[in-house]
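The values are calculated or read from the model by the stated rules, or taken from the named source; none is laboratory data. For clarity, every value in this text was computed on a predicted model and none was experimentally measured. Every residue, glycine as well, gets a Cβ built from its backbone with ideal geometry; the counts of neighbours run over all protein chains shown.
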Amino acid sequence: MSSPRERAIKPTDLRGILRYVPMFRDHIFVIAVDGAVVGHENFVNLVTDIAVLRSLSIKVVLVHGIGHQLGELIREHHVKAADIQGEGPTDAPTMSLAREAAALVSQTILENLSQAGLRCAITNAVRATRVGVIRGKDHLFTGKVEKVDTALLTSMLNQDILPLVTPIVCDREGQSLRVNSDHLAAELAVALRASKLIYLTPYTGLTVNGEVKVNLPEDELATLLKDKKLGLEPRLRSKAMHAAFALDEGVPRAHILDGRVFGGLLIEIFDKVGLGTMVHANDYDRIRLAKKKDTQALYNLAKHGARSDALIARSRQQIDQSISDFIVYEIDDSIIGCAALRKYTDQSHIMEVGAVYVQPFYHGRGVGKKLVEYIKRKAKQAGAKKLIALTTQTQGFFTGACDFEEGSLADLPAQRRRELKNSGRGSRVLTFSLKRFIENPR
Ligand SMILES: CC(C)(COP(=O)(O)OP(=O)(O)OC[C@H]1O[C@@H](n2cnc3c(N)ncnc32)[C@H](O)[C@@H]1OP(=O)(O)O)[C@@H](O)C(=O)NCCC(=O)NCCS
């Protein structure tokens, strides 16, 4: 495996990176930095990487840990700490030093963010509550997230202010509690519906049998976490467990990587392979191939789409005959969306995505995009090089969300061109090069 230095982004990679720019614009990334990473010499470079993300209109929320600094203070003061990670009980002397450690770490971060010209603010947007007594043990000043003021955080992000969240969080009465930063970051990512939860750690990533897992589907992570013999380092296990929680709650990607590597954050996000571990949600678990028994439900969907002229009217018989072209999106046993992949008889390397329809109640939740992504995958597996979409009303969806480009009638095989002319629908021709399709984008 090449070293991170060798894998640093080269100017020639910029073209590839540019693909991700519209994909992440205005998306929220929650980045959790371990205290050990803040204390490392690379932290100044890491802040520059964050400034790059901001310049690409990615909204960043920064959470920091204090374990490393708290450990140092405890040694210095010869205090017998109950727990330094905010998982076990936090007694009064530890709490007092935790406040000191948090002030130290957040001030260091503020200094670095200021140097990079980034506007930021520490807030009380998170409210904590005491963990209380667990299996007979009072956890004293250890807290957990009770509520996230998403309105406050969103308004800061919209004003170009980077929220910095520390692991000393007030409860309803204004009492400070020590909250584990892995948990804090995961809760923030869920509440803010972030696109990414990124843990910057002093570890290379999730290592299983001596090998760093680069791409890990969430179900595989769940299986790994149940494996008692795995022997995961406790700090990594904590991040893995909180990543699994966030994915379960709808965050699509969680990353665990070494924050001490020069350029590491950008490599992880913009490089095809990345640097550490990316855990990804199973985007397609609600999508399946259509079966004969779905004909009626598909006919009903097509009928609704045809009413607004967004879809071509299809008879039940037409759907029945082409049922193997369809895929369906299912929620609680009912079909709420569909799409079809059409092959051309005169051109095998070109295919067409059509009949993309999502029930209005489910609009804007990413269903349409996932259906088109699934169709891209299917077309690529079938050996196609180019995917066509013909649309009358949804050009913006295909070009903006699904990365299609404006094409022309010349992109169509002759027979389809004739068919389109005869239909009089005046559809626009859009194309997507399947060479650019990446199965699990970062
Ligand atoms: C077009 C359609 C399939 C989109 O489905 P959806 O599940 O709402 O889409 P998603 O939630 O995946 O949207 C993904 C993105 O596309 C954008 N988008 C959705 N519809 C759009 C449209 N008509 N024009 C421009 N952008 C659109 C969303 O805002 C979202 O943007 P974001 O990622 O920045 O948040 C759905 O609106 C639909 O069924 N329309 C009627 C049928 C139709 O016109 N089908 C196309 C015929 S080929």
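Computed quantities for the displayed model
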{"quantity": "Qualifying residues in region 126-178 (those that are among the basic types (Lys, Arg) and more than 30 Å from Ala116 (Cα to Cα)) - the one surrounded by the most Cβ atoms within 10 Å (Cβ to Cβ)", "calculated": "Lys144"}
{"quantity": "Positions within region 83-105 being touching a residue at least 40 places away in the same chain (Cβ under 8 Å) and in contact with a helix residue (DSSP H, G or I) (Cβ under 9 Å, 6 or more places away or on another chain), in sequence order", "calculated": "Asp83, Gln85, Gly86, Glu87, Thr90, Thr94, Ala98, Ala101, Ala102, Val105"}
{"quantity": "Residue that is more than 10 Å from the ligand (Cβ to nearest atom), in contact with a Pro (Cβ under 6 Å, 6 or more places away or on another chain) and under 27 Å from Pro413 (Cα atoms), where the choices are Asp325, Asp320, Asp346", "calculated": "Asp346"}
{"quantity": "Positions within region 351-372 being part of a helix (DSSP H, G or I) and near the ligand (Cβ under 9 Å from one of its atoms), in sequence order", "calculated": "Pro360, Tyr362, Val367, Gly368, Lys369, Lys370, Leu371, Val372"}
{"quantity": "Single residue of region 162-183 satisfying the filter (within 21 Å of the chain's Cα centre (by Cα) and among the aliphatic types (A, V, I, L, M)) that is nearest to Leu53 (Cα to Cα)", "calculated": "Leu162"}
{"quantity": "Pairs, first under 13 Å from Lys435 (Cα atoms) in region 360-388, second within 9 Å of the ligand (Cβ to nearest atom), C-beta under 7 Å, six or more apart", "calculated": "Leu387/Val353"}
{"quantity": "Selected residue (criterion: surrounded by the fewest Cβ atoms within 10 Å (Cβ to Cβ)) from residues of region 98-125 that are hydrophobic (A, V, I, L, M, F, W, C) and either touching an Asp or Glu at 6+ places or on another chain (Cβ under 9 Å) or outside any helix (DSSP H, G or I) (or both)", "calculated": "Ala121"}
{"quantity": "Asp309 within 12 Å of the ligand (Cβ to nearest atom), touching a residue at least 60 places away in the same chain (Cβ under 8 Å) and not assigned by TED's automatic domain parsing to the domain that holds Arg193", "calculated": "yes"}
{"quantity": "Of residues in region 400-428 being more than 8 Å from the ligand (Cβ to nearest atom), within 21 Å of Ala339 (Cβ to Cβ) and part of a helix (DSSP H, G or I), the one modelled with the lowest pLDDT", "calculated": "Ser423"}
